[in-house]
Amino acid sequence: TQPAYNQLQTVGTQSFTGSAAITEHGLLSVITEGSGVLWDRHTFSAINVANGDSIQWTYTATINAET
């Protein structure tokens, strides 16, 4: 679905080449590993992945108008 006029939405797909238990998702200002500004971080119960799996992450930020 399309975000509302006051929302910023980003979608990214992460592919895996081995097994892991994914327990957090972060939105960074750049794609380079180990650098950039962390805009948002979310932790959750483990999502187990194996070689060849992928996860599509969707992040939506709502920007409220100044009053």
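Just so you know, all these numbers are worked out from the coordinates, no wet-lab data involved. Keep in mind that what you see is a predicted model, and the values were worked out from it rather than measured. For neighbour counting, all protein chains shown are included, and Cβ atoms are generated from backbone atoms with ideal geometry for every residue, glycine included.
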Exercise for review: Could you go through region 8-24 in sequence order and give the Karplus-derived ³J(HN,Hα) for each residue, using 6.51 cos²θ - 1.76 cosθ + 1.60 with θ = phi - 60°, rounded to whole Hz, and x for Gly and Pro?
Suggested key: 9, 10, 10, 10, x, 10, 10, 9, 10, 10, x, 7, 6, 10, 7, 10, 7
**Study point:** Ranking of TYR59, TYR5 by count of other Cβ atoms within 10 Å, fewest first
**Key:** TYR5, TYR59
Review point. Let a ≥ b ≥ c be the square roots of the eigenvalues of the Cα gyration tensor of the chain; is it rounded (a/c under 1.5), or, if not, prolate (a/b larger than b/c) or oblate?
Key: prolate
Point to revise | For TRP39, residues with placed amide H under 5 Å, excluding near neighbours | key: LEU27, LEU28, SER29
